[in-house]
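The values are calculated or read from the model by the stated rules, or taken from the named source; none is laboratory data. Because the structure is a prediction, the values reported are computed rather than measured. In this analysis, Cβ positions are derived from the backbone assuming ideal geometry, glycine residues included, and neighbour counts consider all displayed protein chains.
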Amino acid sequence: MADLGRAALVVAFGLIVYAALTGGYAAFRGRRRLLESATNALFASLGAVAVAALVLLAALVRDDFSFVYVADHTSRELPLRYAVSAFWGGQEGSLLLWLLVLTGMGSAAVALNRKLTRDVLPWTVPILGGIASFFAFMLVFVASPFATASAPADGVGLNPSLQNPYMMAHPPLLYLGYVGLTIPFAFAMAALASRRTDERWIVVTRRWTLASWAFLGFAILLGAKWAYEEVGWGGWYAWDPVENAALMPWLVATAFLHSVMVQEKKNMLRVWNVILVAGAFALSLFGTFLTRSGVINSIHSFTQSSIGAWFLGFIAVVIAASITLILVRLPLLRSPTRLESLVSREAAFLYNNLFLVALALTVLWGVVYPLVSEAVRGFAVTVGAPYFDFFAIAFGLPLVLLMGVGPLVAWRRASLRALGTSLLWPTGVALVTGAVFLAAGAGSSPAGLVGYTFASFVLAAIVLEFARGTRARRSLGDDGWLGSFAGLVGRNRRRYGGYVVHAAIVILLIGAIGIGGFGTTREPRRALAPGATMRIGAYDLTYLGSVQRRSANALEMRARFDVARDGKPLGVLSAGKNRYFAEQQTSNEVAIRSDWLRGEDLFVIVGKFNNDGSIFLKVLINPLVNLIWLAGLVFVGGSLIAMWPDAREQRRLARRFAYAPA
Amino acid sequence: MAAALAVFLLYTSLAGGSTPSLRPSQLAAHSGTVSLAGVVLSPLRGDAHEGGLRFRLRDINGTGSVPVVYTGSVPDLFAVGRDVSVRGKLQDGLFVAERDSLVTKCPSKYAPDSKSKQT
């Protein structure tokens, strides 16, 4: 079986390299037939990679421990669903998943734009092939998932904290996002190489960018949900390098999604857009590198990772090649139009881009600072949450404000008076909200108060936009309010989908401020004996005692609590730890009680079980944290609206870019 | 953009948001609060919740080591042989860690690193 997997990877490597080299030659010389052959090789490589993936999947499911990878990441007792998720539980499997998604998405994007990639952007296939070559090379020569050894009696098992439903979905979605960013990058670079620097590459890849960005965003939130429930320190985002790894490309992709609208509408920012798409792709590679190599924890772990240096080299090549290509084609990218006014939609997009990119850069700086300082000063200096929090607020609040103002500003040149009139309502709502919150005692967190005021401003602006649009449509036709509303969104999916995403970001902000600014934590220094009661906020937790239970692969220790709020009993909660046998690790199993009506979570962590039956306890009240998860769903909904195929738009674009064979 | 870059460079170098991250062998040259990273050596003595957990931390690639006393919650992955980091100060040859500052390093969140496999 392992031989079949190895052979499939070698075949895939051959096909991909053929697609890259032959395709490159064909694009250079304008040989159409040869390019067709390279394209077919790219398609065929998907089949070969799929075979390799199936072999690995089968080995994982069958507990075939003669595969080193299987022995290292599963065990006999591991439930089947987690044996499947072990596919992306380790380095080699993750690389294989990267290649599978890359060849799959690449083939689909090329197949859907066959004429374009043949006649107008012939460099697309060789560039996709070039990127895939790196991953295929790694899988064949450096980190093979098909290494074999004499089978041990049982496997090492999967890291217990990964034995969680969210961890089954989070990594594949993250990879869909990371890898998906390859598509706009490849088309953009192909447009440069093929001297077709109009916005066709943007139009063709818009949905790919949007989908990858949505996957990435949703995956980040799934990861946060996992961290909240499984890592169990009571928070949801900790500026960990691995979390930042996904955030950075998402921020840059967000900037890109906005700035392409300026190029489509005004033919501006053409250089900026190719820089952004290259940056987003490089950061997605860097993100994979960070998660896989662990280089950030210490410069010393760098040498321990077999793929770190290769990855870094590849990122350097990608950046160098992108910069070279952009510089060479700079004359073609000059924008024919200029910014007319600093108060205009274009300018609003520009400010949004500056803040988003600045935020991404500060996060990047925070992530690499330990390495830089270790190289310069001899010891690493790490920046902590205060650094990230400071910049998230400093750049985040203006971004929130722009979300409210931007959509109301006219293109080209906006009159300040008209803008003032349209901002009247949102500003009023914001001021009233701020005053109400201040009166309610929200002044305990000034940043939180400002955040809520801004949030209500943006929400009011969004509601106003929907209301205005619906009213305008209703006055045109004789549909009812509901029909006008549906028609408004249906005919302007991109715009109103975007507003829904904006609303999601605001909901996320409200939740994040709630847990960050207005939460309560109690961690008694003395152990709690059975029968004793602990009070936090309006809650009383009475410790009933501990129980132990053996599950398939772990010993589960649970402390049970009687919970009451304001004296009213709410039932029993149990929190504790699992000790996993094969993995020889312990994991925290926190108890979370969500109160949807009050919008708060009671979060119970057992620090330690003592021999005398007492326990050490940490309890938190997390207000509004569930809005963060709700924001994830709204985010997906808005992205889907913006992505949904629109026949009218397709016809309009087809007229605009009637394909002319080169 | 350049201004933004300058602001945050200044912020990181001046504000207290950053902590030197050291190996046990580098500790002697620094006073003040640092973050110390190393490998946990046996034996583990005491209790992190009562009186303090005592252990030694050794350079990850080296031989220098320092005794540590720690109070607070102990992460799931803490064990002899694991890479961890704590924040604290060196006081008379003993590294006194701040409460709840112990973090286990998982070089890759997704894979047990080669070192933890050997233990």
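Please pick out the residue among B:57, B:41, B:27 that is more than 9 Å from chain A (Cβ to nearest Cβ) and at pLDDT below 85.
B:27
If a residue has to be under 17 Å from residue A:424 (Cβ atoms) and of a type in the set (Val, Ile, Thr) to count, how many in region A:452-506 make the cut?
Adding up the residues that qualify gives 4.
Go through region A:378-392 and report how many residues are within 7 Å of another protein chain (Cβ to nearest Cβ), surrounded by 16 or more Cβ atoms within 10 Å (Cβ to Cβ) and not aromatic (Phe, Trp, Tyr).
Selection size over region A:378-392: 5.
If you go through region A:520-541 one residue at a time, how many are within 14 Å of chain B (Cβ to nearest Cβ) and among the small types (Gly, Ala, Ser)?
Of the residues in region A:520-541, 2 are within 14 Å of chain B (Cβ to nearest Cβ) and among the small types (Gly, Ala, Ser).
Any residue that is crowded, with 21+ Cβ neighbours inside 10 Å, over 30 Å from residue A:265 (Cβ atoms), among the small types (Gly, Ala, Ser) and away from chain B (no Cβ under 14 Å) - is there at least one of those in region A:449-456?
yes
Out of everything in region A:491-541 that is surrounded by 18 or more Cβ atoms within 10 Å (Cβ to Cβ) and hydroxyl-bearing (Ser, Thr, Tyr), what residue ends up being nearest to residue A:570 (Cα to Cα)?
Restricting to residues being surrounded by 18 or more Cβ atoms within 10 Å (Cβ to Cβ) and hydroxyl-bearing (Ser, Thr, Tyr), the top hit is A:539.
Pick out the one residue from B:84, B:96, B:66 that is more than 13 Å from chain A (Cβ to nearest Cβ), hydrophobic (A, V, I, L, M, F, W, C), in contact (Cβ under 8 Å) with a residue 40 or more places away in the chain and not in a loop (DSSP other than H, G, I, E, B).
It is B:66.
Which residue out of A:70, A:49 is crowded, with 24+ Cβ neighbours inside 10 Å and either at pLDDT 95 or above or farther than 24 Å from residue A:175 by Cβ (or both)?
Details: A:70 fails: either at pLDDT 95 or above or farther than 24 Å from residue A:175 by Cβ (or both).
The unique qualifying residue is A:49.
Does any residue of region A:446-461 turn out to be out of contact with any Phe, Trp or Tyr (no Cβ under 8 Å at 6 or more places or on another chain) and in a loop (DSSP other than H, G, I, E, B)?
no
Could you tell me which of the residues A:576, A:571 is without any contact (Cβ under 8 Å) to a residue 24 or more places away in the chain and in a strand (DSSP E or B)?
Result of the check over A:576, A:571: A:571.
Just to confirm my filter: which helices (runs of 4 or more DSSP H) fall fully inside region A:62-114 and include at least 1 residues that are within 14 Å of another protein chain (Cβ to nearest Cβ) and charged (D, E, K, R)? Don't jump to the end; show me each part of the working.
Numbers: elements: A:68-73, A:80-85, A:91-112.
Of the helices (runs of 4 or more DSSP H) lying wholly inside region A:62-114, those with at least 1 residues that are within 14 Å of another protein chain (Cβ to nearest Cβ) and charged (D, E, K, R) span A:68-73, A:91-112.
Quick one: in region A:465-490, which of the residues that are touching a helix residue (DSSP H, G or I) at 6+ places or on another chain (Cβ under 8 Å) and within 30 Å of residue A:220 (Cα to Cα) is surrounded by the fewest Cβ atoms within 10 Å (Cβ to Cβ)?
A:466
Out of all the residues in region A:621-634, is one or more surrounded by 15 or more Cβ atoms within 10 Å (Cβ to Cβ), within 28 Å of residue A:203 (Cα to Cα) and not small (Gly, Ala, Ser)?
Yes, some residue in region A:621-634 is surrounded by 15 or more Cβ atoms within 10 Å (Cβ to Cβ), within 28 Å of residue A:203 (Cα to Cα) and not small (Gly, Ala, Ser).
For region A:115-146, which positions are within 14 Å of another protein chain (Cβ to nearest Cβ) and surrounded by fewer than 21 Cβ atoms within 10 Å (Cβ to Cβ)?
None; the set is empty.
Please enumerate the residues belonging to region A:252-268 that are surrounded by fewer than 24 Cβ atoms within 10 Å (Cβ to Cβ), touching a residue at least 60 places away in the same chain (Cβ under 8 Å) and touching a helix residue (DSSP H, G or I) at 6+ places or on another chain (Cβ under 7 Å).
Hits for region A:252-268 are A:258, A:261, A:263, A:264, A:266, A:268.
Pick from A:402, A:416, A:431: which is surrounded by 15 or more Cβ atoms within 10 Å (Cβ to Cβ) and either within 30 Å of residue A:342 (Cα to Cα) or not assigned by TED's automatic domain parsing to the domain that holds residue A:337 (or both)?
A:402
Kindly provide the set of residues from region A:556-595 that are loosely packed, with under 15 Cβ neighbours inside 10 Å and within 14 Å of chain B (Cβ to nearest Cβ), ordered by number.
Scanning region A:556-595 gives a single hit, A:584.
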